[in-house]
1. Past 25 Å, Cα to Cα, is the threshold; run B:LYS29/B:LYS174; A:LYS33/A:LYS55; A:LYS29/B:LYS33; A:LYS33/A:LYS174 against it and keep the listed order.
2. What list of ³J(HN,Hα) couplings, whole Hz, do you get for segment A:197-205 from phi and the Karplus terms 6.51, -1.76, 1.60, once you set θ to phi - 60° and write x for glycine and proline?
3. Under a Cβ-Cβ cut-off of 15 Å, what is the net charge of the residues other than A:GLY69 that fall near it, where Lys and Arg count +1 and Asp and Glu count -1?
4. Karplus couplings for segment B:158-173 from phi (6.51 cos²θ - 1.76 cosθ + 1.60, θ = phi - 60°), rounded to Hz, Gly and Pro as x?
5. For the charge dipole of segment A:59-102, defined by +1 on Lys and Arg C-beta atoms and -1 on Asp and Glu C-beta atoms about the Cα centroid, which residue among A:PRO72, A:PHE99, A:TRP82 has the Cα displaced farthest towards the positive pole?
6. Put a dot 7 Å past each Cα toward the Cβ at A:THR63 and B:THR50; how far apart are the dots in nm?
7. Let me confirm one metric for peptide A:82-95, namely the mean number of other chain beta-carbon atoms within 10 Å of its residues' beta-carbons.
8. At 7 angstrom along the Cα-to-beta-carbon line, where would the label on A:ILE141 sit relative to the other copies? Give the distances in nm, shortest first.
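The values are calculated or read from the model by the stated rules, or taken from the named source; none is laboratory data. No experiment lies behind these values; they were computed from the predicted model shown. Cβ atoms come from the backbone with ideal geometry, glycine included; neighbour counts cover every protein chain shown. Quick note on the areas: whole protein, heavy atoms, side chains included, nothing else; ligands and nucleic acids left out. Shrake-Rupley method; radii C 1.70, N 1.55, O 1.52, S 1.80 Å.
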There are 2 protein chains.
Amino acid sequence: MTSVLSEHRPGSTSGPRTSFSTRSPAADKLVRKLRDRHPLSAAEEVALNTLLAAKAGPISGRTVLLDRGMQPSGIHVLLDGWACRYTMLVDGRRRIVAFYLPGDVCDFDVFLLAGMDQTIAAITPARVAVVDAPMLAGLAIDHPPLTQALWWESLTAAAIQRAWTLNVGQRSAKQRIAHLLCELYLRMDRVGLVQDGSCALPLTQFHLGDACALTSIHTNRALQELRRDGLLSLEARRLTIHDWPALVDLAAFDPAYLQLSKEPGTSGDSAALG
Amino acid sequence: MTSVLSEHRPGSTSGPRTSFSTRSPAADKLVRKLRDRHPLSAAEEVALNTLLAAKAGPISGRTVLLDRGMQPSGIHVLLDGWACRYTMLVDGRRRIVAFYLPGDVCDFDVFLLAGMDQTIAAITPARVAVVDAPMLAGLAIDHPPLTQALWWESLTAAAIQRAWTLNVGQRSAKQRIAHLLCELYLRMDRVGLVQDGSCALPLTQFHLGDACALTSIHTNRALQELRRDGLLSLEARRLTIHDWPALVDLAAFDPAYLQLSKEPGTSGDSAALG
DNA sequence: CGACCGATTGAGGCATGTCAAAAACGGTGG
DNA sequence: CCACCGTTTTTGACATGCCTCAATCGGTCG
């Protein structure tokens with residue numbers, strides 16, 4: 001399995017999987033993720049996709065989806081586009097604690113009625129489905145596997161949050177940026193948005209810095225080093241990985257927390273790769 | 001440090017609540033927390049407490065509950081004592097990403113079968129209930145309110161994790177320590193372990209430093225400042241808050257994320273205090 | 001064309017890390 | 001009761017990674 005690591009550049013596997021999902025091209029990404037770790041019946045997939053599609057609407061960039069103290073209208077599911085969750089500090093600094101990518105559920109905490117303590121806002125123009133909690137709960141009751149799949153999804157989000165805590169606290173600037181980019185790249189791959197070793201990355205250096213607890217200035221210098229090392233390029237809102245193993249090594253990136261593997265032991269991915 | 005203290009100090013409310021729970025003194029803390037935000041029937045409380053009590057066992061300090069890569073035997077619920085979740089880095093440094101207090105569920109991620117990416121270990125001698133997932137699932141199916149209560153509990157854990165990400169990334173050393181101590185103090189209060197403005201805090205300065213992304217040396221200096229300012233004292237494994245409002249102010253601590261308030265708007269706590 | 005936003009560069013300062021070592025503490029055995 | 005030992009806390013001197021402030025440059029859009 002050691003060789004798998006070097007061979008396995010994420011993105012190269014997305015071809016076969018993509019052909020599998022043609023039911024609903026836009027709303028499909030969440031289902032795709034869920035099914036990846038948890039089998040769903042066709043009926044369940046259709047039910048969820050239908051619900052999402054019915055509730056979907058376009059929003060422009062920088063739209064605030066959910067503000068501090070606001071009583072939420074429902075759970076926000078990103079169908080397309082990027083969003084983030086952040087806190088504004090008294091001195092005007094912004095700290096981003098999460099990025100949301102296509103197919104992500106932004107606010108499981110709607111179930112915590114006590115109100116948000118942070119803000120969620122779109123980064124790019126996006127399509128968002130706003131599902132009120134009772135409706136989703138109803139769907140979950142009708143389809144128990146969906147309940148479990150969504151529960152997993154929220155636990156994965158928690159695992160990502162732990163990884164961020166680690167990342168911000170432990171690593172050098174260069175490593176932090178590298179680690180974040182590794183994570184985003186794999187998460188984009190998981191929903192089929194990586195092609196030929198590159199994916200969209202609509203973040204400014206301010207976003208990256210606010211997420212890694214760095215100033216945009218220092219972020220800039222760290223990025224330059226990563227480029228100079230030949231590990232990646234990041235231009236025109238597009239990230240391209242040139243040397244995945246080296247990047248992973250530098251970042252001390254262990255993808256285990258993303259829960260990507262199909263099934264422990266089956267290693268379906270590497271088989272498909274061989 | 002006197003008048004303000006008596007008005008607003010958490011812990012002064014624990015008296016009345018404590019009288020409420022005498023069913024099972026040791027296993028009771030999780031139930032106490034759950035019921036605080038979510039009504040449970042007596043039958044449900046008894047069922048959960050009975051299950052926990054049946055599976056409970058003592059462990060000594062520094063016992064590893066769950067190790068990286070290990071297939072978990074079940075969900076660990078701390079009945080008494082402290083534990084933490086950490087990652088060891090290649091250079092020997094340790095990064096703590098979570099503390100677990102009496103009444104906490106350590107590893108909801110057992111449901112993520114792909115194996116742990118971190119280590120969970122006791123800090124003090126403790127009593128731990130190890131509940132295998134199917135059994136807990138069965139209990140949850142029989143008692144839907146328990147499902148929701150546990151789901152909330154895991155979402156609260158995720159909110160705490162976001163607060164840690166923020167804390168580590170944004171604040172000065174002094175503020176980080178202060179913020180962490182505020183959080184731990186309130187969490188101890190939530191399970192009735194605060195008396196007269198003080199609670200057990202069995203952490204070394206290494207623990208605090210590893211959790212705040214600081215060296216123990218710098219942690220020491222930050223703590224000295226907090227003591228010198230008259231905000232708190234921390235000695236003999238015991239934390240005493242002398243000036244809660246000032247500490248909260250210094251730390252920019254907003255307890256909203258802990259989801260403590262009974263019901264938004266009722267402010268039952270402060271009314272009881274006045 | 002002017003205004004604005006994002007990326008980039010440079011110089012200097014400060015908070016925190018690193019290294020080294022001495023106290024204080026707490027338990028254990030003689 | 002004391003001597004011993006490992007752990008934890010504390011102190012000091014020095015190094016450095018990242019922040020701050022200030023400015024330029026290049027796109028993009030009205």
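1. The answer is B:LYS29/B:LYS174; A:LYS29/B:LYS33; A:LYS33/A:LYS174.
2. x, 9, 8, 5, 8, x, 10, 7, 5
3. Working: positive: A:ARG68, A:ARG85; negative: A:ASP67, A:ASP107, A:ASP109, A:ASP117, B:ASP254.
For residues surrounding A:GLY69, the net value is -3.
4. 5, 5, 4, 5, 4, 4, 5, 4, 4, 4, 5, x, 10, 9, 6, 4
5. Result: A:PHE99.
6. 5.1 nm
7. Partner Cβ neighbours, averaged per residue: 2.
8. 1.7
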